[in-house]
Amino acid sequence: MGLKSKDLISIHDLSVGEVATILDVATKLKRKQKNGEPHEYLRGKTLAMIFSKASTRTRVSFETGFHQLGGHPIYLNSSTSQVGRGEPVRDTARVLSRFVDGIMIRTFSHDSVLELAKYANVPVINGLTDLLHPCQALTDIFTIQEYKEILKGRKLVYVGDGNNMAHSLMFAAAKVGMNMVCSSPKGYQPNPEILQQAQEDAKQTDCTITVEEDLFTAAKGADVLYTDVWTSMGEEAERDIRQKALGAYQINKELLAIARPDAIVLHCLPAHRGEEITEEVLEGSQSVVFDQAENRLHVQKAIMALLMSDETL
Ligand code: CP
Ligand code: NVA
């Protein structure tokens, strides 16, 4: 299957077939977990999980998922490990590689994750950086597939800040042939280099990845409306200026009315009600955000099993 011993740092690095394999294995593992069937593909293995930023979903889904796969996860917080006291990433990578079978990391700088992967000789999984959030975006396409069955040709509209979430969604959409429109104001549009790479990827699957400043033009005919916070972790000092700049980029009932009548609404959570999404839409019948959150567990179990298991899945 080709993913054994690899890292998962960016969806851009995965082939179309590898993305399809992750979705397939996630479907199988979700079924096994729901049916109470054993699936301890990582029995006896250990995973180090390094967190330099806050988390609820990522920590609990990785920790629970690794445990369900028969392994032992170890939580490391930067403030209570040597990571936060200046031990170089390349040393942490080599030390942890002597103990564990895989490393999951959530941190600020994307380059730190690249360096960790360069020096580690066990798989490294990106649990979010300032640039990307691949495990969330893979979960999101899995969730869309559960609701819409066919991904190819669907229209995903991302509303708001062109951040780590927008970037990973562009890569994910490109790999599965979904058309994606990122609707953001000037100054908050996605990184042009990432956009260009996603557009290159999209040629393989015959879809389009575009940016459209006008939100109501972007949302026309959407199968999926997606948003994320206006102020990501690490950007708190810009909160006021971001509130003003992104204020119009909200998923509300007026916007939902422009999408297809059967459109679903996604949000990676945590949500700021009244900012990027209204209470009414988040709690409404088209919102599938809690299924989406649950799917972190199943998709990440698939990723970990594919990267780290000695068994055929
Ligand atoms: N969506 C997500 O990654 O949530 P956490 O920050 O709670 O991990
Ligand atoms: N863009 C958000 C995602 C949180 C899951 C952040 O980086 O804070």
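Derivation of every value follows stated rules applied to the coordinates shown; laboratory data play no part. Since we're looking at a predicted model, the values are computed, not measured. Neighbour counts run over all protein chains shown; Cβ positions are idealised from the backbone, glycine included.
Structure values in brief
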quantity	calculated
L269 paired with N77, simple spin-label distance in nm, labels 7 Å along Cα-to-beta-carbon	2.1
Size descriptor, Kirkwood hydrodynamic radius, that averages inverse alpha-carbon separations across region 86-194, Å	15.3
Whole-Å semi-axes of the ellipsoid equivalent to region 177-272 (Cα gyration tensor, √5λ, descending)	22, 19, 12
For the chain: relative contact order, % (alpha-carbon pairs under 8 angstrom, 6 or more apart)	20
Candidates S287, S79, S61, ranked by Gaussian network fluctuation over the chain, Cα under 10 Å, top entry	S79
Positive-pole candidate from L138, A271, M308, dipole of the chain, charges at beta carbon	M308
Distance cut-off 20 Å, percentage of C-alpha pairs in region 55-116 lying past it	29
Where only alpha carbons of region 145-187 are counted, the Rg and the Dmax (Å)	10.9, 35
When the convex hull of its Cα atoms is projected in every direction, mean area for region 123-256 (nm²)	8.4
Relative contact order, percent, region 48-174 [alpha-carbon distance under 8 Å, six or more residues apart]	21
Kirkwood hydrodynamic radius of the chain, Cα pairs, Å	19.6
Cα pair distances of region 213-313 binned at 10 Å [whole percent]	14, 37, 28, 15, 6, 0
222 nm mean residue ellipticity, helices alone, for the chain (DSSP H n ≥ 4; -39,500 (n - 2.57); rounded to 500)	-13000 deg cm²/dmol
Relative contact order computed over region 88-139 (Cα-Cα under 8 Å; 6+ residues apart), in percent	38
Of G221, A245, S232, farthest towards positive along the dipole that unit charges on Lys, Arg, Asp, Glu beta carbons give the chain	S232
